[in-house]
Amino acid sequence: MIDLGLDGARAIVVGAGFIPYRAGHGRGSALQLAAAGATVACVDLDEGRAGEIAAEIQQAGGKAFPVVGDVRTEAEAQRIIDEAVAGLGGVDVLVDVVGEAIFAPSHEQAEGTGGAITQVTSVDGFSSARYHVGCGAAKAGVISLIKTYSDEYGKYGIRVNCVAPGNVGGGVWDKPDVPFGQDVVNSLAPPRPIDIANGALAPGA
């Protein structure tokens, strides 16, 4: 892996647990951050999922611990972040993979020591989403939120970005890599969840 300067970084991944037959962007982001040297607070509303991804990282030689809770309420979100920050000793990177994110004003949340926030959104937030109106509208709102917080958090040295996947297959973590250029019809390798995780890794560096 390319050295992205994440060795020793303190990262929170919200939605880090893996649900079978789903793409697993949170799991991938947690694994990649840990592989890059970060300590990862693995947040999930399901205790089993949070524990599983933390254990998977530890078994691979990385550093991680589970944090259980539902960030869709303000009180729980605050408790979760407080618990994660206490375990990490601070926070440098936040990857948010959740359908309903609630944030507080920057002056209440920012440490002032720099860092990065990455939100996984969707291409549906940028263009029309036929038969997918709810998701498209929600993701467009999140993208607007990201732009606003990018402006708000900049004075604290915090970068705010998003990764907006298109149609990425679910439950394909066990499939081998497909080399580029071997399909005469479509020379591009099909997108996999790990590709989205790599996209989340880079803005966090």
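The values are calculated or read from the model by the stated rules, or taken from the named source; none is laboratory data. Worth saying up front: this structure is predicted, and the values here are computed from it rather than measured. No Cβ is skipped: glycine too gets one built from the backbone with ideal geometry, and neighbour counts run over all protein chains shown.
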**OP:** Output the number of the condition that ALA75 fails; it satisfies all remaining conditions of (1) farther than 20 Å from ASP195 by Cβ; (2) touching a residue at least 12 places away in the same chain (Cβ under 8 Å).
**Re:** (2)
Original post:
Among the residues of the stretch 145-163, which ones are within 16 Å of the chain's Cα centre (by Cα) and among the charged types (D, E, K, R)?
Top reply: ARG159
**OP:** Can you run down the residue pairs with Cβ atoms below 6 Å, 6 or more apart or on separate chains, where the first is in the stretch 8-31 and closer than 21 Å to ALA77 by Cβ and the partner is of a type in the set (S, T, N, Q) and buried (at least 24 other Cβ atoms within 10 Å of the Cβ)?
**Re:** VAL13/SER29
**OP:** Hey, can you tell me all the residues within the stretch 54-74 that are under 19 Å from LEU6 (Cα atoms) and either β-branched (Val, Ile, Thr) or in contact with a Ser or Thr (Cβ under 9 Å, 6 or more places away or on another chain) (or both)?
**Re:** ILE57, GLY62, LYS63, ALA64, PHE65
Original post:
For the stretch 135-150, how many residues are farther than 11 Å from SER122 by Cβ and not aliphatic (A, V, I, L, M)?
Top reply: 6
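Residues are listed down the side, and each one gets a yes or a no for (1) assigned to a loop (DSSP other than H, G, I, E, B); (2) surrounded by fewer than 17 Cβ atoms within 10 Å (Cβ to Cβ):
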| position | (1), (2) |
| --- | --- |
| ASP124 | no, no |
| ALA129 | yes, no |
| ALA137 | no, yes |
| ALA140 | no, no |
| TYR149 | no, no |
| LYS155 | no, yes |
| PRO165 | yes, no |
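Let's see how each residue does on (1) at pLDDT below 95; (2) surrounded by fewer than 21 Cβ atoms within 10 Å (Cβ to Cβ):
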{"site": "VAL13", "(1), (2)": "no, no"}
{"site": "ALA41", "(1), (2)": "no, no"}
{"site": "GLU56", "(1), (2)": "no, yes"}
{"site": "ASP70", "(1), (2)": "yes, yes"}
Original post:
Which of the residues that make up the stretch 5-20 are assigned to a loop (DSSP other than H, G, I, E, B) and charged (D, E, K, R)?
Top reply: ASP7
